[in-house]
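J.: Following this message is one structure expressed as structure tokens.
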Amino acid sequence: MGREFELKYRATLHQQQAIRAAFDGPWKEISMATAYYDTPTGELSRRKWTLRRRLEGTRSVCTLKTPDAGFGRREFEVECGDIHRAIDELCKLEGSYLLKQVCAEGLTEVCSARFTRQVLALTEQDLTVELSLDRGVLQGGGRELPLGEAEVELKEGSEEAVLAFGQAPQTRFGLEPEAKGKFRRASELAQGEGRCW
């Protein structure tokens, strides 16, 4: 089990280019294709759980995210090509079979995302973060929404340190914080609530 703690910002193409120019590489580029799932009655969303299968290049990863204290989330992931087959392994990592019970009514793909991620690992003193630049589209309900983000994800160190670190690119590049994750924005599209092209 891991604890995910990240800062998200809206980032235009120009802002992303400026960030790339400001931080020396090596940057790595990965194609991402994500499918998000819920039960037919929306039980996962009611519990604020996120269940997804993501192709990261040629690697297929199934992930469960659940709420945690503060701004963080608990994150469990397994390499698997099928979300249904991944459920048992995710249950073992999470430490209960509640996910399997909740998903017994079935799963359906509710929304998705396709994007290219440019990623760079950065270390400063006692802090290691992963800086990601995502560009692509969110998809839901037959509609699309442009995706342009910058993320700072904590890998090693304190949450206080990453919050302080995140202030620098926010101020330097004029980034606006993004309060909603990809799943929430894509699911709002699927429900006809989000803005679209």
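The values are calculated or read from the model by the stated rules, or taken from the named source; none is laboratory data. Note that the structure is predicted; figures quoted are calculated from it, not measured. Note that we place each Cβ from the backbone using ideal geometry, even for glycine, and neighbour counts take in every protein chain shown. In case anyone asks, the SASA skips ligands and DNA or RNA and just uses the protein heavy atoms, side chains included. Shrake-Rupley method; radii C 1.70, N 1.55, O 1.52, S 1.80 Å.
J.: Would you pick out the residues in segment 112-169 that are in contact with a Ser or Thr (Cβ under 8 Å, 6 or more places away or on another chain) and of a type in the set (Gly, Ala, Ser)?
T.: SER112, ALA113, ALA121, GLY136, GLY140, GLY148, ALA150, GLY157
J.: For segment 82-104, enumerate the residues that are part of a loop (DSSP other than H, G, I, E, B) and at pLDDT below 95.
T.: GLY95, SER96, TYR97
J.: Within segment 75-96, restricting attention to residues that are surrounded by fewer than 18 Cβ atoms within 10 Å (Cβ to Cβ) and of a type in the set (A, V, I, L, M), which residue is farthest from THR108 (Cα to Cα)?
T.: The selected residue is LEU93.
J.: Select, from GLU151, GLU109, the only residue that is assigned to a strand (DSSP E or B), modelled with pLDDT of 95 or more and more than 16 Å from the chain's Cα centre (by Cα).
T.: GLU109
J.: If a residue has to be buried (at least 20 other Cβ atoms within 10 Å of the Cβ) and part of a helix (DSSP H, G or I) to count, how many in segment 171-184 make the cut?
T.: So the count comes out to 2.
J.: Count, please, the residues in segment 39-62 that happen to be closer than 20 Å to ARG3 by Cβ, free of Cβ contacts under 8 Å to residues at least 24 places away in the same chain and buried (at least 16 other Cβ atoms within 10 Å of the Cβ).
T.: Final tally of qualifying residues: 2.
J.: Moving on. Among the candidates ALA168, ALA150, ALA161, ALA113, single out the residue that is surrounded by fewer than 16 Cβ atoms within 10 Å (Cβ to Cβ) and among the hydrophobic types (A, V, I, L, M, F, W, C).
T.: ALA168
J.: Scan segment 6-15 and tell me whether some residue there is open to solvent by 50 Å² or more (accessible area, probe 1.4 Å), modelled with pLDDT under 95 and in a helix (DSSP H, G or I).
T.: no
J.: Can you give me the number of residues within segment 16-32 that are open to solvent by 40 Å² or more (accessible area, probe 1.4 Å), over 16 Å from THR116 (Cα atoms) and small (Gly, Ala, Ser)?
T.: Number satisfying all stated conditions: 2.
J.: A further question on this structure: Would segment 60-68 turn up any residue that is modelled with pLDDT of 95 or more, among the hydroxyl-bearing types (Ser, Thr, Tyr) and closer than 21 Å to ARG114 by Cβ?
T.: Yes, segment 60-68 contains a residue that is modelled with pLDDT of 95 or more, among the hydroxyl-bearing types (Ser, Thr, Tyr) and closer than 21 Å to ARG114 by Cβ.
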